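Below is one structure; the comments refer to it alone.
Nothing in this text is a laboratory measurement; each read-out follows from the coordinates by a stated rule. It should be emphasised that the depicted structure is a prediction, and the values quoted were computed from it without experimental measurement. Virtual Cβ from ideal backbone geometry, glycine too; neighbours counted across all protein chains shown.
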Amino acid sequence: MPPSVLDFEAQLAAAKRSAVHLEMRDSYGVGDEAADFEHWQRTGHRDVDPASAYWTPWVELVQRTVARGVDVRRARVVSEPVTDYIRYEHAGTVVNIQAGERVRWLPRRQASDIALPGNDCWIFDQETVLFNHFSGTGDWVAPGWELRTEPEVVALAARAFDSVWDRGVPHEKYMV
């Protein structure tokens, strides 16, 4: 079951200072990108047009958020050699950056001493964590999101993100 877009957008709209995303899976199987991923696998061509129907909703959302002064960052922990999915993700990251995100990549072998949360997550203003729940095949599982505000949970996720970010390689320097 996909997460509620409205819940995520409400959290992003409420962010005042930062919205950071920690990704730790080597592949995702979410339905809304399945056709694009399959096309990339067949042709090697990735949609990198920020005005395309695929990207426009995300680009506009990030641009509105950044225009309010919110720092939007994404850190990805990846196994090496990378999976096809990570190559696909890397190829499209140029659009995330054009929208206003900053993105870094950390090889998993460099994360062994970082206490990472059990799930990917968004952290808003270091006050709220929105955990993403995926199946073993990488698709959303009900309810998709888990909102947490307990200080110890937020602190764990924020420390993990900061550690990954500090060690991560900026997108333009990370070669897959």
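Hey, what number do you get for the chain at 222 nm if only DSSP H runs of n ≥ 4 count, each worth -39500 (n - 2.57), divided across all residues, to the nearest 500?
Calculated at 222 nm, the ellipticity per residue is -11500 deg cm²/dmol.
Where does each of 97-103, 111-117 land if you order them by average Cβ count within 10 Å, highest first?
In descending order of packing, they fall as 97-103, 111-117.
Label-point separation (nm) for Arg167 and Ala51, each offset 7 Å from Cα along Cα-to-Cβ?
Taking the simple label geometry, Arg167 and Ala51 are separated by 4.2 nm.
Could you give the length gained on full extension between Val176 and Asp71, defined as 0.36 nm per residue of separation minus the Cα-Cα distance, in nm?
35.2 nm
Separation between the Arg42 and Trp58 pseudo-spin-labels, each 7 Å from Cα along Cα→Cβ, expressed in nm?
Result: 2.1 nm between the two label points.
I need the phi-derived Karplus couplings for region 116-128: 6.51 cos²θ - 1.76 cosθ + 1.60, θ = phi - 60°, integer Hz, Gly and Pro marked x.
9, x, x, 9, 4, 7, 10, 10, 10, 6, 6, 10, 9
Compare Gly92, Gly136, Gly144 in a GNM of the chain, Cα atoms joined below 10 Å, and give the one with the largest fluctuation.
Gly136
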